[in-house]
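J.: Please find one structure pasted underneath; my questions will follow.
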Amino acid sequence: MDYAVLTGIVLVSGVVLALIAQWRDWRPSLWVAIAVGVGVRVLIMYTSAIDTWQPVDFVNSFKPAGEAVLNRQDPVLGSNGGWHFLPTIPYVYGILLWLGIPWEYAGRLVTVVADIALIPLVAKLAGGPRASLRAFQYALSPLALLVASVHGQVEPVALVFGVAAFVVARGPGDPDRLGITMTVREAIASIDIRKAFTFQAAELPAYRRALWAGLLMGLALCAKSWPIWLIPGMLLLLPNVRARFIGLAATGIPPVFFLVTLPIFAGTSLADIPRVMEVMSDIRPIVGEWGWTAILVGGDWTLHSGYAKIGTYLIYATVLGVCWMWRRADPVDLTTAILLAFMVVTPRLGAQYLLWFMPFLIARPTRFAWPAIIGTSLWAAIGYLWMTQSWQIWHDWHPNWARASIVLLPVLALALPWARRVSTAAPLPPVPPLSVKTGTAEVTG
């Protein structure tokens with residue numbers, strides 16, 4: 001990487017400013033946070049685009065997917081097998097390439113714009129008097145800058161829709177004052193089959209929120225499959241069973257739409273759609289890059305179905321355990337706990353995965369939030385900035401770099417919102433029935 005020193009200076013300066021802002025309790029306006037975020041992202045995007053080094057998947061997977069769409073080919077089957085998700089983002093790639101924007105900019109423009117949009121969303125997710133501080137800190141997040149502006153990985157696209165779904169599901173107002181949340185325990189207690197299928201017009205705004213939140217979460221799933229871990233928190237922010245049912249049903253609409261319209265937009269034959277679904281559902285058992293599997297295989301990137309299967313079961317068991325332990329927590333804290341716990345036990349991980357929890361942890365920081373943010377960012381930056389200086393450096397140092405990630409696992413575990421396993425938010429007030437007077441009669445719905 002040609003501009004590693006400049007990029008490193010920007011990243012370190014951003015962390016220092018974010019920590020000083022925390023220490024001094026700076027609360028810059030949201031517009032200042034957005035301006036800072038735009039400036040640093042555009043700068044690093046420019047230096048990354050003109051760099052002689054380009055990420056392998058950015059060139060060999062993402063670009064062919066966009067070119068496939070441009071040529072009316074299926075991006076999953078027609079991009080050398082490098083795209084394993086729905087074609088939503090390749091459609092955007094194709095449009096940008098059709099406009100004549102060079103790929104080195106076009107591929108990163110998608111993720112940079114999404115990551116900029118995340119800045120005000122983090123403020124909305126945080127709420128309270130320090131909302132703009134949290135937006136400023138996310139604007140300077142080193143991992144976000146690396147993933148969006150250097151790598152061009154699509155995590156910011158999935159996150160911008162996922163976080164937007166949380167904001168919409170919670171509704172307007174300050175979450176610190178309104179307490180518009182529902183814990184797992186309250187959600188179970190609120191289940192009433194008789195009321196689930198009755199309609200009260202006064203609840204229409206809640207149902208509308210549920211619809212839009214579900215559609216946004218569905219768009220997050222169109223970018224990548226991992227936002228499935230965000231769905232429980234989004235549903236718990238909705239006020240009742242019927243709203244959650246609407247939100248869950250709406251979540252499936254965008255993925256189904258982009259799948260069934262492949263013959264129209266990508267020229268996929270109907271006979272090939274089952275094969276497309278098979279490719280998208282295939283998860284390669286890649287281990288050795290991170291955590292406990294890196295120790296077991298010596299830090300070598302490898303395919304190991306046994307460790308991958310054990311890790312998958314471990315993830316499911318851990319998520320269930322987290323849901324039980326945080327069953328009375330705020331849904332945002334529950335989501336943070338799920339994502340952090342995933343990082344601790346997962347058998348496979350790319351550096352971009354570490355961005356998953358960043359908006360949530362920055363919006364609602366814990367005692368060990370910044371050790372986790374700095375530690376994971378430093379680990380990722382070594383891979384992005386130093387180890388890409390040459391293939392020889394990557395080859396020689398990759399095993400040590402991968403095995404060193406084991407040090408971060410207890411830090412991530414400590415960063416879980418242990419002190420917020422019980423929500424202090426006030427319960428939602430009951431929704432009154434709608435009364436409409438017609439002449440001398442009164443109709444109550």
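The values are calculated or read from the model by the stated rules, or taken from the named source; none is laboratory data. Note that this is a predicted model, so its numbers are computed, not measured. Positions of Cβ are backbone-derived with ideal geometry, glycine not excepted, and every protein chain shown enters the neighbour counts. These area figures cover heavy atoms from the full protein model, side chains too; ligands, DNA and RNA do not enter into them. Shrake-Rupley method; radii C 1.70, N 1.55, O 1.52, S 1.80 Å.
J.: Go through the stretch 273-315 and count every residue that is surrounded by 19 or more Cβ atoms within 10 Å (Cβ to Cβ) and among the charged types (D, E, K, R).
T.: So the count comes out to 1.
J.: What residue, among those in the stretch 31-43 that are out of contact with any Phe, Trp or Tyr (no Cβ under 6 Å at 6 or more places or on another chain) and open to solvent by less than 20 Å² (accessible area, probe 1.4 Å), is farthest from PHE265 (Cα to Cα)? Spell out the reasoning first.
T.: Step one: filter the stretch 31-43 for residues out of contact with any Phe, Trp or Tyr (no Cβ under 6 Å at 6 or more places or on another chain), giving 31-32, 34-43.
Then drop every residue that is not open to solvent by less than 20 Å² (accessible area, probe 1.4 Å), which leaves 37, 41.
Working: GLY37: 34, ARG41: 31 Å.
Checking each candidate, the answer is GLY37.
The rows are residues; the columns are (1) in contact (Cβ under 8 Å) with a residue 60 or more places away in the chain; (2) over 17 Å from the mean Cα position of the chain (by Cα).
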residue: GLY321; (1), (2): no, yes
residue: MET325; (1), (2): yes, yes
residue: VAL332; (1), (2): yes, no
residue: THR336; (1), (2): yes, no
residue: MET343; (1), (2): yes, no
residue: THR366; (1), (2): no, yes
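J.: Another one. Please specify each residue of the stretch 31-57 satisfying the condition of being at pLDDT below 95 and either basic (Lys, Arg) or assigned to a helix (DSSP H, G or I) (or both).
T.: Residues satisfying the conditions are VAL56, ASP57.
J.: May I ask you to verify whether ARG177 is part of a helix (DSSP H, G or I), surrounded by fewer than 21 Cβ atoms within 10 Å (Cβ to Cβ) and at pLDDT below 90?
T.: It is true that ARG177 is part of a helix (DSSP H, G or I), surrounded by fewer than 21 Cβ atoms within 10 Å (Cβ to Cβ) and at pLDDT below 90.
J.: Same structure, new question: Inside the stretch 38-59, can you point out the residues that are in contact with a Ser or Thr (Cβ under 9 Å, 6 or more places away or on another chain) and within 24 Å of ALA131 (Cα to Cα)?
T.: VAL40, ARG41, VAL42
J.: Considering only residues that are among the hydroxyl-bearing types (Ser, Thr, Tyr), assigned to a helix (DSSP H, G or I) and over 16 Å from VAL147 (Cβ atoms), which ones fall in the stretch 5-30?
T.: First, pick out the residues of the stretch 5-30 that are among the hydroxyl-bearing types (Ser, Thr, Tyr): 7, 13, 29.
If we keep only those that are assigned to a helix (DSSP H, G or I) as well, we get 7, 13.
Across the stretch 5-30, the qualifying residue is only SER13.
J.: Turning to a different aspect of this structure: Name the one entry in VAL76, VAL59, VAL69, VAL16 that is surrounded by fewer than 15 Cβ atoms within 10 Å (Cβ to Cβ) and either more than 20 Å from LEU118 (Cβ to Cβ) or free of Cβ contacts under 8 Å to residues at least 40 places away in the same chain (or both).
T.: The conditions single out VAL16.
J.: Quick check on PRO239: is it within 27 Å of ALA169 (Cα to Cα) and not in a helix (DSSP H, G or I)?
T.: The answer is yes for PRO239.
J.: Then there's this: With respect to ASP2, determine if the residue is open to solvent by 70 Å² or more (accessible area, probe 1.4 Å), under 25 Å from ALA139 (Cα atoms) and touching an Asp or Glu at 6+ places or on another chain (Cβ under 7 Å).
T.: Answer is yes for this residue.
J.: Collect the residues in the stretch 410-445 that are crowded, with 16+ Cβ neighbours inside 10 Å, modelled with pLDDT of 95 or more and of a type in the set (A, V, I, L, M, F, W, C), keeping them in residue-number order.
T.: VAL411, LEU412, ALA413, ALA415, LEU416
J.: Filter the stretch 44-56 down to the residues that are without any contact (Cβ under 8 Å) to a residue 60 or more places away in the chain and either open to solvent by 30 Å² or more (accessible area, probe 1.4 Å) or touching a strand residue (DSSP E or B) at 6+ places or on another chain (Cβ under 6 Å) (or both) and list them by number.
T.: TYR46, ILE50, THR52, GLN54, VAL56
J.: May I pose another question? Can you pull out the residues in the stretch 352-364 that are of a type outside the set (Gly, Ala, Ser) and in contact (Cβ under 8 Å) with a residue 24 or more places away in the chain? Before the answer, list the steps.
T.: Here is the first cut: in the stretch 352-364, the residues of a type outside the set (Gly, Ala, Ser) are 352-362, 364.
Within the stretch 352-364, GLN352, TYR353, LEU354, LEU355, TRP356, MET358, PRO359, PHE360, LEU361, ILE362, ARG364 qualify.
J.: Collect the residues in the stretch 347-363 that are part of a loop (DSSP other than H, G, I, E, B) and surrounded by 24 or more Cβ atoms within 10 Å (Cβ to Cβ), keeping them in residue-number order.
T.: Filtering the stretch 347-363 down to residues part of a loop (DSSP other than H, G, I, E, B) leaves 347-350, 356-357.
Answer for the stretch 347-363, where residues must be part of a loop (DSSP other than H, G, I, E, B) and surrounded by 24 or more Cβ atoms within 10 Å (Cβ to Cβ): PRO347, TRP356, PHE357.
J.: Tell me, yes or no, whether the stretch 158-172 has at least one residue that is more than 24 Å from PRO254 (Cβ to Cβ) and either at pLDDT 95 or above or buried (at least 22 other Cβ atoms within 10 Å of the Cβ) (or both).
T.: Scanning the stretch 158-172 turns up no residue that is more than 24 Å from PRO254 (Cβ to Cβ) and either at pLDDT 95 or above or buried (at least 22 other Cβ atoms within 10 Å of the Cβ) (or both).
J.: Looking only at the stretch 225-244, count how many residues are open to solvent by 10 Å² or more (accessible area, probe 1.4 Å) and over 22 Å from LEU320 (Cβ atoms).
T.: Total satisfying the criteria: 3.
J.: I've got another one for you. Only one residue in THR366, THR388 is open to solvent by less than 40 Å² (accessible area, probe 1.4 Å), over 16 Å from LEU140 (Cα atoms) and part of a helix (DSSP H, G or I), so which one is that? First the steps, then the outcome.
T.: On the way: THR366 fails: part of a helix (DSSP H, G or I).
Being open to solvent by less than 40 Å² (accessible area, probe 1.4 Å), over 16 Å from LEU140 (Cα atoms) and part of a helix (DSSP H, G or I) holds for just one of THR366, THR388, which is THR388.
J.: Another question, then. Just to be sure I understand, how many residues within the stretch 245-260 are of a type in the set (Gly, Ala, Ser) and surrounded by fewer than 19 Cβ atoms within 10 Å (Cβ to Cβ)? Lay out the reasoning, then the answer.
T.: In the first step, residues of the stretch 245-260 are kept if they are of a type in the set (Gly, Ala, Ser); the result is 247, 249-250, 252.
Within this subset, residues satisfying the condition of being surrounded by fewer than 19 Cβ atoms within 10 Å (Cβ to Cβ) are 249, 252.
Adding up the residues that qualify gives 2.
J.: Looking at VAL344, VAL319, can you tell me which residue is open to solvent by 10 Å² or more (accessible area, probe 1.4 Å), β-branched (Val, Ile, Thr), closer than 12 Å to ALA413 by Cβ and in a helix (DSSP H, G or I)?
T.: On the way: VAL319 fails: closer than 12 Å to ALA413 by Cβ.
None of the other options fit; the residue is VAL344.
J.: Looking only at the stretch 329-337, decide whether some residue is of a type outside the set (Val, Ile, Thr) and open to solvent by 10 Å² or more (accessible area, probe 1.4 Å).
T.: Here is the first cut: in the stretch 329-337, the ones of a type outside the set (Val, Ile, Thr) are 329-331, 333-334, 337.
Going one step further and asking which of them are open to solvent by 10 Å² or more (accessible area, probe 1.4 Å), we end up with 330.
Yes, there is a match, as at least one residue in the stretch 329-337 is of a type outside the set (Val, Ile, Thr) and open to solvent by 10 Å² or more (accessible area, probe 1.4 Å).
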